[in-house]
Amino acid sequence: MMDIFCEYLVTKKSLQDKLIKALAVLSCILVCLFSFYFLFFIKIQWMWLTPIIWGATIYGTRILCQQFSVEFEYSFTNGVLDIDKILGRARRKNIVSVACKNIEYMAPVRREFSTERTIINANYDEKLGRKYYVNFSKSGVAYTLLFQPPEKILDNMKKYNPRNIEL
């Protein structure tokens, strides 16, 4: 069998994250306007602080907005599925790594399923369909992985464990 490698990078989209970013930008604008008003009209001798306050506020808003940037990287290499979570486009955390031969069952999410297992959520867009769940065990602990893989990864996973993977 040939070596198989598939990689898929997606950005998590959430209305809550967008609202928090919009609120942070609005707060930044209000702080800048208030500091200008206060320092210009009330304490003119402190006017030199305006650029420092603005710079700190804008920098803080930028850092805060970056913290809400979440991406998932699904990679499939020779029968091993790795899912990483990338926070702020800087920090990478491996969420799970599972070999296809260890998958007990994988299928599309059609209904509610048992929550007796530890759930690992790697969905990037709750509104988008194509959600799959994967049941597997690792070190004696039963897990259920929720993710939204592309067709290419699904087809390659099916090659490694056709009996337990339902498309």
Residue by residue through segment 31-77, note down the ones that are touching a Leu at 6+ places or on another chain (Cβ under 8 Å), part of a strand (DSSP E or B) and of a type outside the set (F, W, Y). V70, E71, E73, S75
Exception for A122 within (1) surrounded by 14 or more Cβ atoms within 10 Å (Cβ to Cβ); (2) at pLDDT 85 or above falls at (2)
Segment 71-88: number of residues that are buried (at least 16 other Cβ atoms within 10 Å of the Cβ) and on the phi > 0 side of the Ramachandran plot: 1
Only one residue in I103, I165 is on the phi < 0 side of the Ramachandran plot and modelled with pLDDT of 85 or more. Which one? I103
What number of residues within segment 78-123 satisfy the criterion of being under 16 Å from the mean Cα position of the chain (by Cα), outside any strand (DSSP E or B) and acidic (D, E)? 0
If I ask for residues that are small (G, A, S) and part of a strand (DSSP E or B), which ones from segment 124-140 would you list? S137
Just a yes or no: is a residue in segment 63-84 among the small types (G, A, S), in contact with a helix residue (DSSP H, G or I) (Cβ under 8 Å, 6 or more places away or on another chain) and in contact (Cβ under 8 Å) with a residue 24 or more places away in the chain? yes
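The values are calculated or read from the model by the stated rules, or taken from the named source; none is laboratory data. Only a predicted model underlies this, so the values are computations on that prediction, with no experimental measurement involved. Because the Cβ atoms are built from the backbone with ideal geometry, glycine has one as well, and the counts that use them run over all protein chains shown.
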